[in-house]
Structures are given as structure tokens and as C-alpha cells.
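A short worksheet on the structure shown next.
The values are calculated or read from the model by the stated rules, or taken from the named source; none is laboratory data. All values reported here derive from a predicted model rather than from experimental measurement. Cβ placement follows ideal geometry from the backbone for every residue including glycine, while neighbour counts extend to all protein chains displayed. Surface areas here come from the heavy atoms of the whole protein model, side chains and all, with no ligands, DNA or RNA. Shrake-Rupley method; radii C 1.70, N 1.55, O 1.52, S 1.80 Å.
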Amino acid sequence: MSERIIEFRDALCEAMSEEMRDDQKVFLLGEEVAQYNGAYKISKGMLDEFGPRRVIDTPISESGFSGMAIGAAMRGLRPIVEFMSWSFSLVAADPILNNAAKMLYMSGGQFGCPIVFRGNDGAGGQLGSTHSWCVESLYANVPGLKMAIPYDAYDAKGMLKTAIRDDNPVFFLESERLLSTTGHVPQEDYTVPFGQAFVRRQGTDCTLISFGRPLHFCFEAAEELAKEGIDCEIIDGRTIRPLDIDTMVKSVKKTNACVVVDQSWSFASIGSEVASQIHRYCFDDLDNFVHRVHSDDVPTPYASNLEQAYLPNTRKICEAVRSATYNT
Amino acid sequence: MAAQNQNDKKTTSSEEVFSKNTPSSMNTSPIDLGQIEVLQILNEHGEVDKGLEPDLSNEVLLDTYRAMVLGRAFDSRMMTMQRQGRMGTFAPNFGQEACIIGQVTSLTKNDWFAPSYRSFGAQIMRGWPLEHLMRLWAGFHDGFPPPKNVNDLPFSIVIGSHVLPAVGIGMGMNYKKKKDCVVVNYGDGASSQGAVSEALNFAAVYKAPVVFICENNGWAISTPTKKQRANQTFAAHGIAHGIPCIRVDGNDILAMMCATKEATDRARNGDGPTLIEAITYRMSLHTTADDPTVYRDEDEVKVWEARCPIKRFETFLTNKGLLDDDAIKETLESCEEEVIAARDKFYAMDPADPTEIFDHLYESVPKELQAQREEYLRRLREKGIDL
């Protein structure tokens, strides 16, 4: 059987459409999702198939439609909320953090929020600082939610299906920069479970840990470093909550060196959390402290060249790996 | 008891709720807001309503006309430069020139203006040099902040998030007992944001000297106005908040100028905010990342082509003897030349210092950030970027 190759965005669309066919309680709402097929064409054809009752164009009101969807989820529906950009979710911080993430807890386990918030996260598209947020570190701090970041088309479909079937609120972070990438995606139903990191490249000298789009730069760096005789192992964490620290620890115990690549700012971040846990569990195995690669500590520049220099990029990763492995 | 006595002079929130005229039977029929009348002084054929025509000098009329033509010339050149890859994503203002320029003609240098990303026609009038706006849209770091002597806010891309700060500026003016005012514009789309309702309420309660201009251009990207509100007007939001409101033909520059003048006068006199719904039309794209032909009926665009704000003002000025065919041609040519000159100036400007992105984050640069700045600089140098 030949491999079916499709785009990342179509994999997301398939996940939503298949789940909506299977479960009448699932529906999609957000800005531009229906008539316009989504600002990034992820919901292409879904209005035609499911009609305006289940694919709902909302006014520009992130706080409003998130809050309403949370109410629907509390009453047993399973909404998928599309944020055109996670940057815009900031105006909905109260409903998504205070209501969605705490509802099960505050109702004493009576009713939770089976809801998926999904959309574009991260910089790299020359969209300016207010529109280029990497929200993972900001939101992952909040207990009660799950957070998933798919890297390829296969995971995009499998992880989104898991997210939709999950009874907890899932923050599903997609990267606009990855939407047009292609990969093998099976036609048949499958899911990718949460909390299982994926070793995407085997190596012996240094463990690179990342999530989502920065993995792309990890691969580039690994190729570059291979020429210098440094063999990197690359771990795709896949989900931040839950975090599969075991797979990461196992790898670091083998390589004795670790670099965490995180596109958010460094202070109190995913990178600092992962590094802290690796230090704790691999204290006697590490030959050097865990190195971290982040975006620079400033708002995202708008100019393309400055933006690329600001983000975790191949060059920054190579330098960190060389330093972590004493190859400077 | 002492506490009760102290409270004697205080009002209570319920004192006027139960009037003596409480009706014997409850009136359960909803209030019909109906249509709010639209102010129009210059119709789409350029015919003026003599009874409403404002007393404006020939100089003001011609300056305003030129500002509109310049706005359109800038728009058109920016679209070309964007398609050439010289600009980032750009939001054109084509067809909304009267609406945007009429908002700021009654403002002084001391007043504040909170623009949205489609407001460059007004920004130019407020004193933004054209090449400064070009640097903004091309992604130069120094292009985004307003020029030093201009009381404008930088715009936000998160829809509606600039409206509350604009009200805050107005409340600050009251606090300092200044007679200045703020004009803030937002779109039909932004009117759905909770923050915009909060802004209207605060401005009304605190009588902030703010003029809200809801630019109803028919479309929030692909979402038409009818999907954004159930009542018939955006002006009605003013009624709900206790703010005097009016609807204006946003393609009629005279109506926009008159309505804004009256509203800014009210604000300066301590009479609080006004909401103006300006009815206009987004003739072009939402931004250069958009293609409206996939969701919008071209016949609708044709209807609005006939309502062109510049054309009707030209007819009016020609009938007044202030313009003729030669003068129209000369104005257009001089505006295009001004834009080209700005473009050339923009091309000739020194490249920005790429380490500027580390500036102004704090009053002084913290040492951790200084270290990052040096690292960043080193990488750029190694990459061979000319500094």
C-alpha cells in the first residue's frame, strides 16, 4: 500500500471532520471558520459538509465565544474553538484559564469542560509582536488543562483526535509555519496518545528536547553537527501537559548531555521546567548543565531577518550543543 | 447608628428605581430602537444640502480634498510595493478616505488620536511623514512608534484592544482638567469585542472626553455586518450605554467633519463622549493576505463605487468654482509625486540598527538582556549582515 501524503492543515481538517461525523456533540466555532474556510484554510469544506449549525462563524469576540463554548462544554457538548491566532486568546484569558481549566475542580467533579482550543501559535510569519505570541509557557503554568503541540501531519491528525475525545480542556497549539508541510497520514482511524514523547532521531552524544516548530531547526542543527562528529538524539515532547519526562530522562542517561529548545521566552518557561526536571533526575549522569535555547527576551520583531535571528534557530542550537558537549 | 448618620448624605443605587409613576400593569413589549437617521450633507452625486452645508474656508476645503487624494495615492503605491515584496502585510484604505480623514480634521496637536491599522490617511494628516509610515509597514523597528511630536497611539493588531486605553487617556485629561479630547476609531468587527462595550460604559459613566468612531465598512474580513449584530445599527450601542450617538454617511467628508466637530466640541465642554457610526465600505482587500472575491459579490462593490467619497467631493468643489479638470489633474499629480519622493527617501534611508529590538524594553537595559544583545549582534556579524 502506497503512503498517503497530505498537508498538515488537511490532517487537522480530517481529524475534526471524522470526529464530527462520529459524534454529533462535536462542533467547530471561531472567526472565519465557516464561510471563509478558516483564515488558514484548515476548516476547508467543513461548512459544506456539516452546515452552519455545526460550523459556526462568530463575531470578533474571543472572550465571548470562548466563554459560550465553555458553557456548551459544561452541558455535555464537545466544542472545538479555533483561535485565528493564540495571540488573540489573550483577551479570553479569564474564560479559558479560570473557567475551562478549573470547572471540573470547582464543581467538585460534577461537570468538566471537554473542549479543544486550537489555533496558530508562535512567531515566524512576520506578524508583529502583538500577533506572534508563543503562549505555551504562559498557559502551561495553569493546572487543570492539557497542552499538545504537534510537529508533523501524522501527529496533527492523531493528536487532534485524542484532544477532541479527551474529557479535559485541551490547548492545542499549531504553527502557521508548519501548516503547509506534508507527511504520511493514514486514511483509517488512529490516535496519538498524550504524554508519550517521540524519539525522532537516534543519537549518542547529546539529547535535544523540543516541541512543535523548533524541532525543524533541531533537525537542521543535527545535520550540521553530524558533519562535526556530534551525534544528536532528538526528542519531540509532543505534549507539555502531561509531560513525558521519563523518555527524556532515559535519553539523557544515555547521552549525558542535554539542550532544551523552546520558542517561548526563557524566564519561567517550558525550557526552564524541563531543564529543572532533567537536573533533578539526571544529576549524576550529566557531564554539563542543561543548556537552553529560547527566543530573545524582547517582543517579537516584525522585520523578517530580525525575527529569524530572534527565534531559536539552527545557529543558536548548534552553539548550545557544542557548548554542552565541550566541542567549542 | 453613627455609621448610619454618616451615610445620610450618601446616595443609594436604588433611589430612582421606584418612581411614583410605577405603571399599574407591566409593559412587556420591547423598546424598538428603530432606524437612527443618517447624516448626509453631500449626496453621492456631489449635491449639497444647502441647509446643512458647513461654513468652511476655501483653504480648508481644498486642503481636505488634497489629503483624501494623497491618502489614496499612498494606498495605491503601498499596494504596489507590497506586491513587489518591499512591504509586509498591508491593510488598504481604498474608498474610506472621507471616513478616516474626516475624523481628525477638528483635532489639535494637544488632542489624542487612537488609530487602527487602516488609518494611515488620518495619520498623515496628524503629522506622520509618509516615509515614516513606509518604514512602519516595511518592518523597520523605528517605523512603528509615532513621531515624537504626534499625540497618536501605536495601533494594535488584536482587534478592539486600543479602545479602553483611549478612554483612559480621556479620563486622564479630565483628571488634569484639560480641555482636550480623544478620537478613537474601531471597526464594525471590533464592536463585538467585550472590551469595546467596557470602553463605552466607562467613557459614559466618567464623562470622558472621547469621540468613538465606529467605522462600519461592511466587512470584518469575510464576515458581513448582519452577522455581527442583531439590531439595526452600531450607533445603538451608544443608546444602551447612555452615550449620544449619530449615524453618518462615512463617504461624505462634510458630514464626517461636521459630526466630529460637534462631538469634539461636546467633549471639550465637559459633556462627555459621543458615538459616531460612520457608514462606509471596504472597497479593497481586508489586507494584502486576503482575497474578497471568494466571499463577496462584486455587484455590491459596484454599488459602492458610485458612492466614491473623492469623486463626490470633487463635483462639489467644481460646482463651487474651486476646482476644474486641470486642478484635479494637478492635485493628483502632485500627490503622486509626493508619494514617489517619500518612497525614494525611504529607499535612501540608512538601514535600521538590528539591535534596536533590545531598546526601550526597560528604562535602562538589564545586564542579562545586554548579554543577549551582544550574542545577537555576534551572530548577525558572523552571518555577514552588514551593520
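Brief remarks follow.
- Filter result (surrounded by fewer than 23 Cβ atoms within 10 Å (Cβ to Cβ) and either assigned by TED's automatic domain parsing to the domain that holds residue A:236 or in contact with a Leu (Cβ under 9 Å, 6 or more places away or on another chain) (or both)) within segment A:141-150: A:142, A:144, A:145
- Among the conditions (1) within 14 Å of chain B (Cβ to nearest Cβ); (2) open to solvent by 10 Å² or more (accessible area, probe 1.4 Å); (3) modelled with pLDDT of 95 or more, the only one that residue A:86 does not satisfy is (2).
- Residue pairs whose Cβ atoms lie under 9 Å apart, separated by 6 or more positions or on different chains, with the first residue in segment B:158-184 and away from every other protein chain (no Cβ under 14 Å) and within 19 Å of residue B:110 (Cα to Cα) and the second of a type in the set (Ser, Thr, Tyr) and assigned to a helix (DSSP H, G or I), are B:181/B:264; B:183/B:260; B:183/B:264.
- For segment A:68-81, a residue qualifies if it is of a type in the set (D, E, K, R) and within 13 Å of residue A:54 (Cβ to Cβ), and exactly one does: A:78.
- Residues in segment A:16-46 that are over 11 Å from residue A:82 (Cβ atoms) and open to solvent by 40 Å² or more (accessible area, probe 1.4 Å) were compared, and the one that is farthest from the other protein chains (Cβ to nearest Cβ) is A:22.
- Filtering segment A:47-57 to residues that are within 14 Å of chain B (Cβ to nearest Cβ) and in contact with a Ser or Thr (Cβ under 8 Å, 6 or more places away or on another chain) leaves A:55, A:57.
- Matching residues in segment A:266-285 - criterion: being within 30 Å of residue A:132 (Cα to Cα), part of a loop (DSSP other than H, G, I, E, B) and open to solvent by less than 40 Å² (accessible area, probe 1.4 Å): A:266, A:269
- Number of residues in segment A:286-305 that are surrounded by 24 or more Cβ atoms within 10 Å (Cβ to Cβ) and either farther than 16 Å from residue A:258 by Cα or modelled with pLDDT under 90 (or both): the value is 4.
- Flag if residue B:362 is open to solvent by 70 Å² or more (accessible area, probe 1.4 Å) and either assigned to a helix (DSSP H, G or I) or aliphatic (A, V, I, L, M) (or both): no
- Condition met for residue A:295 (small (Gly, Ala, Ser) and either closer than 18 Å to residue B:369 by Cα or more than 14 Å from chain B (Cβ to nearest Cβ) (or both)): yes
- The number of residues in segment A:159-205 being free of Cβ contacts under 8 Å to residues at least 60 places away in the same chain, farther than 26 Å from residue A:92 by Cα and open to solvent by 10 Å² or more (accessible area, probe 1.4 Å) comes to 13.
- Check on residue B:339, surrounded by 17 or more Cβ atoms within 10 Å (Cβ to Cβ) and β-branched (Val, Ile, Thr): yes
- Where helices (runs of 4 or more DSSP H) fall wholly inside segment B:83-194, the ranges with 1 or more residues that are open to solvent by 10 Å² or more (accessible area, probe 1.4 Å) are B:120-125, B:130-138, B:163-175.
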